[in-house]
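Here is the structure we will look at.
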């Protein structure tokens, strides 16, 4: 069996009440990506037949899926008649309501939409020709919150959900990881047999394991790591899952040659790209879409969806989306947004938004591009070898040609030509003795 002859079903119909959030559970993000999308991306590496089961906030989740992915089958669970994980697999409507939803292949992998750490390489271990059922088993010090796996002499006898477990069963530390591989014929045979006579009045997918064991089906338990299979049911779980994923992303970057001075202090999201030798100091945030090329990011800096090339950023700098910084130095407390900087020095305390700044230009301390007029944004274009003095306001739309000197403290609203000195400030006036007159009766 080739791996692409597997249908994958992702269960995402739950209410997620323990998340205590208006956001659907599977749309909560870890490292900048929705949990459900983490799973979809890994599943697509193995199969061209993906099915997602929705119920709670189905319209919103479907809209999000359709905005990014194509050719994914969306099913809405008939939760009123067929609640539960097995109910999610049932057609739920029309004739044969309890029969399996239509899938392309005879081998079915079932995942949960709240397990964002799964990797395609690990999922391959569950797809077996020699078994009727494969399931993941976690060995935990504390299995609270998980269904317990009942085993005897390395054979899986069944799974008991925690709400249906007695104290003896709750003491078992073997937990159901929530990932299953079934031969399609097993689901087609046993799914219609299931009943909802349990404490939650739900149709349990795990009950199929018991039916299969009684009928001598071959069931294989595959050991799993919590760091790969953690299920997210609360914001505490979300933080735990994100911590695991951060470690994976940082370790991959370091294997590819990136230096993290204090790795655990850096927050890095999916789709951050490093090229060449890069160094990241402590407490940095690298968000999705950041591309770092042969650059050094100093402490406490933030890079968002921008390209930083052969440059030094920080400390305490913020590069906001749609910026491209090349051969430049961006110093402390400088913010750049939607700007292109080529061989530019901006040492400290400046805001450069919607700007194109060319080579050899120096931006003094306290320079502000005034790019927003209250209705729309405007561009500031600065040529080569321009010196912008400290505490200057550049009021866009504005074009400064090359070789211009702008005096400190200027407020510039008119374009400047090559070779100009630009100065815009009132003449200083010193009134002798005024101090003593002003404070005469006040001190």
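The values are calculated or read from the model by the stated rules, or taken from the named source; none is laboratory data. Treat the numbers as computed from the prediction; the structure is a model and nothing was measured. Don't worry about glycine lacking a Cβ; one is built from the backbone with ideal geometry, like all the others, and counts go over all protein chains shown.
Given the criteria under 21 Å from residue 238 (Cβ atoms) and in a strand (DSSP E or B), does residue 52 qualify?
Spelling it out, residue 52 is indeed under 21 Å from residue 238 (Cβ atoms) and in a strand (DSSP E or B).
Report the residue count in the stretch 76-134 for those that are closer than 17 Å to residue 177 by Cα, outside any loop (DSSP other than H, G, I, E, B) and in contact (Cβ under 8 Å) with a residue 24 or more places away in the chain.
Count: 13.
Answer yes or no: is there a residue in the stretch 14-27 that is within 16 Å of the chain's Cα centre (by Cα), in a loop (DSSP other than H, G, I, E, B), surrounded by fewer than 21 Cβ atoms within 10 Å (Cβ to Cβ) and in contact (Cβ under 8 Å) with a residue 40 or more places away in the chain.
no
Show me the strands (runs of 3 or more DSSP E) found entirely inside the stretch 296-363 where at least 2 residues are over 18 Å from residue 384 (Cα atoms).
Result: 307-309, 329-337, 344-353.
Does the stretch 376-399 contain any residue that is out of contact with any strand residue (DSSP E or B) (no Cβ under 9 Å at 6 or more places or on another chain), farther than 22 Å from residue 347 by Cβ and either touching a residue at least 40 places away in the same chain (Cβ under 8 Å) or part of a loop (DSSP other than H, G, I, E, B) (or both)?
Yes, the stretch 376-399 contains a residue that is out of contact with any strand residue (DSSP E or B) (no Cβ under 9 Å at 6 or more places or on another chain), farther than 22 Å from residue 347 by Cβ and either touching a residue at least 40 places away in the same chain (Cβ under 8 Å) or part of a loop (DSSP other than H, G, I, E, B) (or both).
Output the number of residues of the stretch 64-75 satisfying the condition of being within 12 Å of residue 51 (Cα to Cα) and not in a loop (DSSP other than H, G, I, E, B).
Result for the stretch 64-75: 5.
Does residue 343 fit the bill of being at pLDDT below 95 and out of contact with any strand residue (DSSP E or B) (no Cβ under 6 Å at 6 or more places or on another chain)?
Values: at pLDDT below 95: no; out of contact with any strand residue (DSSP E or B) (no Cβ under 6 Å at 6 or more places or on another chain): yes.
No: the conditions fail for residue 343.
Pick out the one residue from 314, 331 that is assigned by TED's automatic domain parsing to the domain that holds residue 289 and over 26 Å from the mean Cα position of the chain (by Cα). Even if it seems obvious, please write down each step before you answer.
Values: 314 fails: over 26 Å from the mean Cα position of the chain (by Cα).
Only one candidate passes the filter, namely 331.
Which of the residues spanning the stretch 171-180 are surrounded by 14 or more Cβ atoms within 10 Å (Cβ to Cβ) and over 22 Å from residue 232 (Cβ atoms)?
Within the stretch 171-180, 172 is the sole residue that qualifies.
Filter the stretch 32-46 for residues that are surrounded by fewer than 23 Cβ atoms within 10 Å (Cβ to Cβ) and in contact with a helix residue (DSSP H, G or I) (Cβ under 6 Å, 6 or more places away or on another chain) and give the result.
Result: 34, 42, 45, 46.
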